[in-house]
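I have placed the structure first, in the form of structure tokens, so that the comments after it can refer back to it.
The values are calculated or read from the model by the stated rules, or taken from the named source; none is laboratory data. Predicted, not measured: the structure shown is a model, and the values here were computed from it. Glycine also receives a Cβ, built like all others from the backbone with ideal geometry; neighbour counts cover every protein chain displayed. Heads up: the accessible areas ignore ligands, DNA and RNA and are worked out on the full protein's heavy atoms, side chains in. Shrake-Rupley method; radii C 1.70, N 1.55, O 1.52, S 1.80 Å.
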Amino acid sequence: MRFKKALESLKREVGQYIDEVKKSWRNTGLTLKIHFRERTYNECPEKSDVLGYTVYCPKGLIFLDKEVSDEIKKAMEKEVTQILYDLDHENEHQQALFSYVGNMVVTEFSKSISICARSEILKLLDRVGKECKWLSNILIDAKKMYEALRTAKTALAASKFEHPLSELQAIMQHKEELESESAFHNRSETFWRRFWKDGEEALHAVWPLIQILSIFDCFVPTIGYFYEAFEMAGKRIKHHHAANPQKFKELWEQFELLKPCLIWPIHVTSAYLNPSYILNERSSEDEINENEVREYMKEFLIESNEEETLENELAKYKMEDSPLFTQEAISALKTHHPVRWWEKFGEPTPLLSRCAIRLLSQPSNCLSHFCRKLKFEALKSERLDLLRLNVRMMDEFKELEEKNMIFTPIDLSKIDAPLN
């Protein structure tokens, strides 16, 4: 009886949490991610994958099955700002399910679609690791050494991304332990010199991408920073390629192939509406295509009768003596997340402010490291149910709000910082 009452109380609390999240969609919009999960035995004795939604906004992240109520579905139809793809393309069953139901969902919402940044960057690193022979050899050796250190119970730094490069990154701090490890006594001094040199060069080359994986894997709305971060990473990789074209040819080619797949109009527009970026752009050679921004905003963020107002406010935003960029507003760029900045200083351009808040409230990745860890834990215990998932998200966002961490400005200088 006590358990039943506690369960009912928990369900009411989660219901209130979901209601609060839904109410915030009108102001901040939402990011929708189509995902697959395995039904638990309690839900369905004959287990099967089921299509569901992960819905993100700064107020919270919630999990919903496809069979959501009409009320929630209508709200989602109106407020979807971004749809994120992050499917396992090697899983034919998931692909078949998505082609049948997922495309219907995308058509139904007919909003802005983009690719999960994290998964695409990891795919790029995978392709480079396979196609670049010297790097492939380094990663094979690094994996063996990583396992040897784990067997010897050496304390290794944890990584937020799962990739052979994270193992290489972890072992670079343990030169003495590895060279004295019995499993590698037969390795020559020449081998070790080459390994440490190539390992350091490899990490230096991909360090900007590793930093992006680390910086953007969080619950903070990050989309306003992603375009600038990717541009910064590109400059670093291009520099390495120019210094040693033969060694870094595959990395530069794969990066160039990835850029048009990963950078979508939503990222360009978000960067343009990030006041920090637009202020720096005035003194930079890099310029965003304003026509692309304008067309995106007209199609996805405003009504047709608001177009003239948008043009006037965009002109104000770009003026040298813009009423938006007072001395106080410029100083606040270092301490305020773009959403908070627009809330505080956006009064001279109310329509542009509304659009900026809605767009800049979105993430670059819909499922963070915490979410993935949670799903793996649940799969192992066969207790992956919506209530449990939503309880964990409710607790996570409650803690983030208490610590005032959701609207935290992101420091992109880490991308250009030297490798430790």
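Out of the residues in region 15-74 meeting the condition of being among the hydroxyl-bearing types (S, T, Y), under 24 Å from S114 (Cα atoms) and at pLDDT 90 or above, tell me which one is surrounded by the fewest Cβ atoms within 10 Å (Cβ to Cβ).
Restricting attention to region 15-74, the residues satisfying the condition of being among the hydroxyl-bearing types (S, T, Y) are 17, 24, 28, 31, 40-41, 48, 53-54, 56, 69.
Then keep just the ones that are under 24 Å from S114 (Cα atoms); that gives 24, 28, 31, 53-54, 56.
Applying the additional criterion that residues be at pLDDT 90 or above yields 24, 28, 56.
Working: S24: 16, T28: 22, Y56: 29.
Ranking the qualifying residues of region 15-74, first place goes to S24.
Pick out, from region 150-235, the helices (runs of 4 or more DSSP H) lying fully within it that include 2 or more residues that are open to solvent by less than 40 Å² (accessible area, probe 1.4 Å) and farther than 30 Å from H337 by Cα.
Qualifying helices (runs of 4 or more DSSP H): 164-171, 189-215.
Residues in region 117-131 that are touching a Ser or Thr at 6+ places or on another chain (Cβ under 9 Å) and closer than 11 Å to D217 by Cβ were compared, and the one that is surrounded by the fewest Cβ atoms within 10 Å (Cβ to Cβ) is R118. The helices (runs of 4 or more DSSP H) located wholly in region 297-346 that include 1 or more residues which are of a type in the set (K, R) and touching a His at 6+ places or on another chain (Cβ under 9 Å) occupy 338-345.
Can you tell me which residues in region 192-238 are charged (D, E, K, R) and more than 12 Å from the chain's Cα centre (by Cα)?
From region 192-238, those charged (D, E, K, R) are 193-194, 197-198, 200-201, 217, 228, 231, 235-236, 238; that's our starting set.
Across region 192-238, the qualifying residues are R193, R194, K197, D198, E200, E201, E228, E231, K235, R236, K238.
If you scan region 264-287, which residues turn out to be at pLDDT below 90 and either within 16 Å of A233 (Cα to Cα) or not in a helix (DSSP H, G or I) (or both)? Across region 264-287, the qualifying residues are W264, R282, S283, S284, E285, D286, E287.
For V220, all conditions in the list (1) at pLDDT below 90; (2) aliphatic (A, V, I, L, M); (3) out of contact with any Ser or Thr (no Cβ under 7 Å at 6 or more places or on another chain) hold save one; what is the number of the exception? All conditions are met except number (3). The residue that is nearest to Y296 (Cα to Cα), among those in region 332-365 that are small (G, A, S) and modelled with pLDDT of 95 or more, is A356.
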